[in-house]
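Colleague: For reference, the structure I am asking about is given below.
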Amino acid sequence: MTLVVTGGAGYVGSVCAQHLLDAGHDVVVVDDLTTGHEDAVPAGARLVVGDVAEVADDVLGAGGVDGVIHCAARSLVGESAEKPAKYWHGNVVTTIALLDAVCRHRVPRLVFSSTAATYGEPESSPITEDAPTRPTNTYGATKLAVDHAIGTYAAASGGELGAVSLRYFNVAGAHAGAGSALGERHTVETHLIPLVLQVALGQRDEIAIFGDDWPTADGTCVRDYIHVDDLAEAHLLALDLLARGDASVIEKAGGHLVCNLGNGTGFSVLEVIEACRRVTGHPIPARVAPRRTGDPGVLVASSARARDELGWKPTHTDLDGIVADAWAFARSRAAG
Ligand SMILES: NC(=O)c1ccc[n+]([C@@H]2O[C@H](COP(=O)([O-])OP(=O)(O)OC[C@H]3O[C@@H](n4cnc5c(N)ncnc54)[C@H](O)[C@@H]3O)[C@@H](O)[C@H]2O)c1
């Protein structure tokens, strides 16, 4: 198949693009390089530099596109509170332009990078797709709006468009392929594992723990870490499901299936720091700071639907293994 990966110069998109290439697909990456890196686009993929909203019509209008994996987004929670317009335009308006182009050019498949942030503070754990969606930040609200928009476009397409929204929990680890290492290179890093590893690399003095009085076993927040390679495989399985002639699962879902993606196991902030200490051999000083507004105490996915409907099963469930992959990538970047 020929597949367009938006945001394919970023962390998740580049790994998805690599998995698609490895599976024998042709890949076109669309990325404006605002948070992505040209050299993260895997060899073999064609890069179109531009804003999705501006170039989608041309890229899809060229014809022969079998599907779109839409990873491009603005995704900094803190910034989304300060600059809501950047997020409503960057995530929602941009995706509407993409959806218009998808429908205009009759692209039959779309897989979207949604997020656990659509749920907000969960009432119970693990979180299923039927849980209430009450985002506690602007980023999550924009992603939920996109999920709704995709659902309505798919429903109105009369079966021409099938879509899957994958609600990622905390993506982690790195892809180590032949000749290419792909991992987290966010200029503004907000994710726990790369931040802790920056301490081990001497790039930061200590790691802040936001609250140690949560109702969890050790008092620190619990999150569900999913390896980026497992995540990328779920995209391929979603495309397979959408490509099947008997896509009854998609039909039953009204053309748009929503699936959580996580390991189904939670690890606390302290457990992650301990894993980083074990893997790096560095003491990694940590300091307790006040809780952050809008941070849920526990976010763990039920991935039963992804398992049942996509046939997906995570293979990297060991926290030390996930950290070790991230550490190998971080060290190789630091070494230049
Ligand atoms: N990393 C995570 O833990 C996580 C968790 C849940 C959901 N997500 C979602 O996964 C997706 C990828 O996240 P990531 O961590 O790889 O982020 P990233 O910033 O590394 O990648 C996003 C890419 O999209 C590009 N981009 C952004 N807006 C664009 C636009 N309008 N036109 C063209 N290119 C554009 C950026 O340049 C970048 O290369 C995002 O949609 C994010 O919301 C990520």
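Colleague: Look at A154 and say whether it is of a type in the set (A, V, I, L, M, F, W, C), part of a strand (DSSP E or B) and at pLDDT 95 or above.
Modeller: On the way: of a type in the set (A, V, I, L, M, F, W, C): yes; part of a strand (DSSP E or B): no; at pLDDT 95 or above: yes.
Considered against the rule, which asks whether it is of a type in the set (A, V, I, L, M, F, W, C), part of a strand (DSSP E or B) and at pLDDT 95 or above, A154 comes out as no.
Colleague: Does any residue of segment 236-247 turn out to be more than 16 Å from the chain's Cα centre (by Cα), surrounded by 19 or more Cβ atoms within 10 Å (Cβ to Cβ), farther than 26 Å from D218 by Cβ and without any contact (Cβ under 8 Å) to a residue 24 or more places away in the chain?
Modeller: No: zero hits.
Colleague: I would also like to ask the following. Answer yes if at least one residue in segment 9-27 is of a type in the set (S, T, Y) and in contact with a Gly (Cβ under 9 Å, 6 or more places away or on another chain), and no otherwise. Full working, then the answer.
Modeller: Start the filter on segment 9-27 by keeping residues that are of a type in the set (S, T, Y), which leaves 11, 14.
Now narrow it down to the ones that are in contact with a Gly (Cβ under 9 Å, 6 or more places away or on another chain): 11, 14.
The answer is yes, given that some residue of segment 9-27 is of a type in the set (S, T, Y) and in contact with a Gly (Cβ under 9 Å, 6 or more places away or on another chain).
Colleague: Given the structure, is S268 hydroxyl-bearing (S, T, Y), surrounded by fewer than 22 Cβ atoms within 10 Å (Cβ to Cβ), on the phi < 0 side of the Ramachandran plot and in the same structural domain as D66 (by the TED database)?
Modeller: Numbers: hydroxyl-bearing (S, T, Y): yes; surrounded by fewer than 22 Cβ atoms within 10 Å (Cβ to Cβ): yes; on the phi < 0 side of the Ramachandran plot: yes; in the same structural domain as D66 (by the TED database): no.
No, not satisfied.
Colleague: Is there a residue in segment 21-30 that is more than 9 Å from the ligand (Cβ to nearest atom), over 17 Å from R109 (Cβ atoms), touching a His at 6+ places or on another chain (Cβ under 9 Å) and of a type in the set (D, E, K, R)?
Modeller: no
Colleague: On to the next question. What about A45, is it at pLDDT 95 or above and more than 17 Å from A232 (Cβ to Cβ)?
Modeller: no
Colleague: Regarding D212, is this residue touching a residue at least 24 places away in the same chain (Cβ under 8 Å), outside any helix (DSSP H, G or I) and either more than 30 Å from P290 (Cβ to Cβ) or away from the ligand (no atom under 16 Å from the Cβ) (or both)? Steps first, please.
Modeller: Details: touching a residue at least 24 places away in the same chain (Cβ under 8 Å): yes; outside any helix (DSSP H, G or I): yes; either more than 30 Å from P290 (Cβ to Cβ) or away from the ligand (no atom under 16 Å from the Cβ) (or both): yes.
It is true that D212 is touching a residue at least 24 places away in the same chain (Cβ under 8 Å), outside any helix (DSSP H, G or I) and either more than 30 Å from P290 (Cβ to Cβ) or away from the ligand (no atom under 16 Å from the Cβ) (or both).
Colleague: Something else: Do you know which of the residues in segment 135-149 that are in contact with a strand residue (DSSP E or B) (Cβ under 7 Å, 6 or more places away or on another chain) and assigned to a helix (DSSP H, G or I) is farthest from K83 (Cα to Cα)? Give the derivation first.
Modeller: Step one: list which residues in segment 135-149 are in contact with a strand residue (DSSP E or B) (Cβ under 7 Å, 6 or more places away or on another chain), which gives 135-136, 140, 143, 146-147.
Applying the additional criterion that residues be assigned to a helix (DSSP H, G or I) yields 140, 143, 146-147.
Working: G140: 14, K143: 15, V146: 18, D147: 21 Å.
So, considering only residues that are in contact with a strand residue (DSSP E or B) (Cβ under 7 Å, 6 or more places away or on another chain) and assigned to a helix (DSSP H, G or I), the one farthest from K83 (Cα to Cα) is D147.
Colleague: Among G36, G63, which is the only one that is near the ligand (Cβ under 8 Å from one of its atoms) and either within 19 Å of the chain's Cα centre (by Cα) or on the phi > 0 side of the Ramachandran plot (or both)?
Modeller: G36
Colleague: Could you tell me whether segment 53-60 includes any residue that is within 19 Å of the chain's Cα centre (by Cα), in a helix (DSSP H, G or I), within 15 Å of the ligand (Cβ to nearest atom) and touching a residue at least 12 places away in the same chain (Cβ under 8 Å)?
Modeller: So in segment 53-60, the residues within 19 Å of the chain's Cα centre (by Cα) come out as none.
No.
Colleague: Find the residue count for segment 79-91, including only residues that are away from the ligand (no atom under 11 Å from the Cβ) and either crowded, with 16+ Cβ neighbours inside 10 Å or of a type in the set (S, T, Y) (or both).
Modeller: Filtering segment 79-91 down to residues away from the ligand (no atom under 11 Å from the Cβ) leaves 79, 81-85, 88.
From what is left, the residues that are either crowded, with 16+ Cβ neighbours inside 10 Å or of a type in the set (S, T, Y) (or both) are 79, 88.
Looking only at that region, the number is 2.
The values are calculated or read from the model by the stated rules, or taken from the named source; none is laboratory data. No experiment lies behind these values; they were computed from the predicted model shown. Neighbour counts are summed over all protein chains in view; Cβ atoms, including those assigned to glycine, are modelled from backbone coordinates with ideal geometry.
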